[in-house]
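Participant: Let me give you the structure first, and then I'll get to my questions.
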Amino acid sequence: MSSTTISPEILSLIDPVVSGLKRHQIVGDKVIALAICHLLMKVISAARWTNPYDLINIIRKVGTILHTAYPRKIITGNIVRRVLAIIRDEIETENSNNDNTPMMSSMFSLLSTNSNTSHKVQHNQSKKQSSDFRSVVIEGIRDLIDEIANVNEGIETMSVDLIHDNEILLTPTPTSETVLQFLIKARAKRKFTVLVTESFPNDINTAHNFVKKLADHKIETILIPDTTVFAVMSRVGKVIIGSSAVFANGGCISNSGVAHVVECAKEHKTPVFALAGLFKLSPLYPFNGDDLIEVGNSGKVLNYDDFKFVENVELVTNPLDNYIPPEHIDIYITNVGGFAPSFIYRIVLDNYKTEDNKLE
């Protein structure tokens, strides 16, 4: 068996996560990201390899399997690519250290009379090097886990500077925990009103719970129907949206219904702030937007009980997401600062390696 073949031991580690993704039992962007991080730590600990590039091939194969399990969830690929970047950085560090190593050791090997002893020493050294390499990479993944776990804290710190007293805010993403914590944090020093769209048909219950949580923190909150967005936009100071993935071109994936809200905001010249943790930034480009959109239960749009209507309709679709082009977003608020959509590609280059853009 070649060193880059995925062993049965590693497959047994991957299978529970793959089935969890396929059945949508692992839900929530942060939960998925952390699950992938912990899985890759186990894979790196269990994998057998002599060359770090063998480890890269194993991780790429694992990434391809995870992507196939849930193709529209961009975050799985992001985490795999971030881990690959950690491995490649460590290879570069080791190579630069080796370049500075004096030639004395190679001179000694030339003078050595016992080639078997020399071979044994080299084998022990490579074993120690792979063990050290493994521990450094795992430490890098632990740092990534800390970054993801504390992602909201970095974003929250900017809330007080961005929100003003007596301002009216609008959010069409009541499913976003990041947006919720951002608003709660701002309330500590600012008094403002939040308009929350009802998010028909998929997130009505979530929207009601979101409003209740904001009200519990003494934030004046109003739940509005999706159809009234254009009417109220002239009074809105800022639109704040959550996102599930941000692409290298500055576009993002957000909840269904957000596209028409940001369109209204652009018409009224209302600034749109998109909140996204660094782990949601992807090196990919959205060449085909339709492939990125997940479709849900059509029965929520047109109930099956209304069979008279159903007979006269050719197709009923219920998209769960919208693609938001970069020109409809003014600034991205991340845990490492605020950036214009046109600058996202630069942040991506700092965190990913271009050779890993395609995992296959």
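Each value in this text was obtained by applying a stated rule to the coordinates, not by laboratory testing. This one's a predicted model, so the numbers in the text were calculated from it and none came from an experiment. Note that each Cβ is placed from the backbone with ideal geometry, even for glycine, and that neighbours are counted across all protein chains shown.
Participant: ³J(HN,Hα) across segment 216-233 via Karplus (A = 6.51, B = -1.76, C = 1.60, θ = phi - 60°), whole Hz, x for Gly/Pro?
Facilitator: Working through the residues one at a time gives 4, 9, 6, 9, 5, 10, 10, 8, 10, x, 4, 6, 8, 4, 5, 5, 8, 4 Hz.
Participant: Then there's this: Within the chain, what percent of beta bridges assigned by DSSP are antiparallel, to the nearest 5?
Facilitator: On the way: 10 of 30 bridges.
The antiparallel fraction comes to roughly 35 percent.
Participant: Under the definition of Cα pairs under 8 Å and six or more residues apart, what whole-number percent is the relative contact order of the chain? If you can, show how the numbers build up before the last one.
Facilitator: Details: 542 pairs, mean separation 60.3, N = 360.
This gives 17 percent for the chain.
Participant: Another one. List, largest first, the extents of the alpha carbons of the chain along their principal axes, each in whole Å.
Facilitator: On the principal axes, the chain reaches 88, 51, 35 Å in Cα extent.
Participant: Additional query: Once Rh is set to the Kirkwood radius over Cα pairs, what Stokes-Einstein translational diffusion coefficient, in µm²/s, holds for segment 152-356 at a temperature of 10 °C and a viscosity of 1.306 mPa s? Don't jump to the answer; show the numbers that get you there.
Facilitator: Numbers: Rh = 17.7 Å.
Approximately 89 µm²/s, per Stokes-Einstein.
Participant: Moving to a separate point now. Roughly what % antiparallel, to the nearest 5, for the DSSP beta bridges in segment 152-356?
Facilitator: Working: 10 of 30 bridges.
Taking every DSSP beta bridge within segment 152-356, about 35 percent pair in antiparallel fashion.
Participant: Of the GluC sites (Glu not before Pro) in segment 253-333, which ones lie in a loop per DSSP and count no more than 16 other C-beta atoms within 10 Å?
Facilitator: Sites meeting the loop and neighbour criteria: GLU294, GLU314.
Participant: At most 10 other Cβ atoms within 10 Å and a DSSP loop assignment: could you name the trypsin sites (Lys or Arg not before Pro) in segment 195-232 that fit? The partial results should precede the final answer.
Facilitator: Details: sites: LYS212, LYS213, LYS218; in loops: LYS218.
When the trypsin sites (Lys or Arg not before Pro) of segment 195-232 are filtered for loop state and at most 10 Cβ neighbours within 10 Å, LYS218 remain.
Participant: Shifting gears a bit: Calculate how many DSSP beta bridges within segment 208-320 are antiparallel, expressed in % of all such bridges and rounded to the nearest 5. Intermediate values should be presented prior to the final figure.
Facilitator: Values: 3 of 8 bridges.
Given both bridge residues lie in segment 208-320, the antiparallel proportion sits at roughly 40 percent.
Participant: Also, I was wondering about something else. List the residues, sorted by chain then number, that are 5 or more residues from SER256 or on another chain and whose placed amide H is less than 5 Å from its amide H.
Facilitator: Result for SER256 returns ASP321, ASN322.
Participant: Could you give each residue of segment 241-254 its phi-based ³J(HN,Hα) in whole Hz, using Karplus coefficients 6.51, -1.76, 1.60 with θ = phi - 60°, and x for Gly or Pro?
Facilitator: 10, x, 9, 9, 7, 10, 9, 4, 7, x, x, 8, 9, 9
Participant: Would you work out the charge dipole size for the chain about its Cα centre, treating the Cβ of every Lys and Arg as +1 and the Cβ of every Asp and Glu as -1, and quote it to the nearest 20 debye?
Facilitator: Values: 35 positive and 41 negative charges, 152 e Å.
I would put it at about 720 debye.
Participant: Got a sec to turn the phi values of segment 69-78 into Karplus ³J(HN,Hα) couplings, 6.51 cos²θ - 1.76 cosθ + 1.60 with θ = phi - 60°, whole Hz, x for Gly and Pro?
Facilitator: Going residue by residue, I get 5, 8, x, 8, 8, 5, 4, 4, x, 4 Hz, with x marking Gly and Pro.
Participant: Roughly what angle does helix 177-187 make with the longest principal axis of the chain, taking Cα atoms, 0 to 90 degrees, to the nearest 10?
Facilitator: So the helix axis and the longest Cα principal axis differ by about 70 degrees.
Participant: Here's a follow-up. For segment 254-360, which chymotrypsin sites (Phe, Trp or Tyr not before Pro) are both in a DSSP coil and crowded by at most 16 other Cβ atoms within 10 Å? All intermediate terms of the calculation are to be shown ahead of the outcome.
Facilitator: Working: sites: PHE273, PHE279, PHE287, TYR304, PHE307, PHE309, TYR323, TYR332, PHE339, PHE343, TYR345, TYR352; in loops: PHE287, TYR304, TYR352.
Of the chymotrypsin sites (Phe, Trp or Tyr not before Pro), the ones in loops of segment 254-360 whose Cβ has at most 16 other Cβ atoms within 10 Å are PHE287, TYR304.
Participant: Determine the sum of side-chain charges near PRO271: Lys and Arg each +1, Asp and Glu each -1, restricted to other residues whose C-beta is under 9 angstrom from that of PRO271. Intermediate values should be presented prior to the final figure.
Facilitator: Values: positive: LYS238, LYS269; negative: ASP330.
Combined, the nearby Lys, Arg, Asp and Glu give +1.
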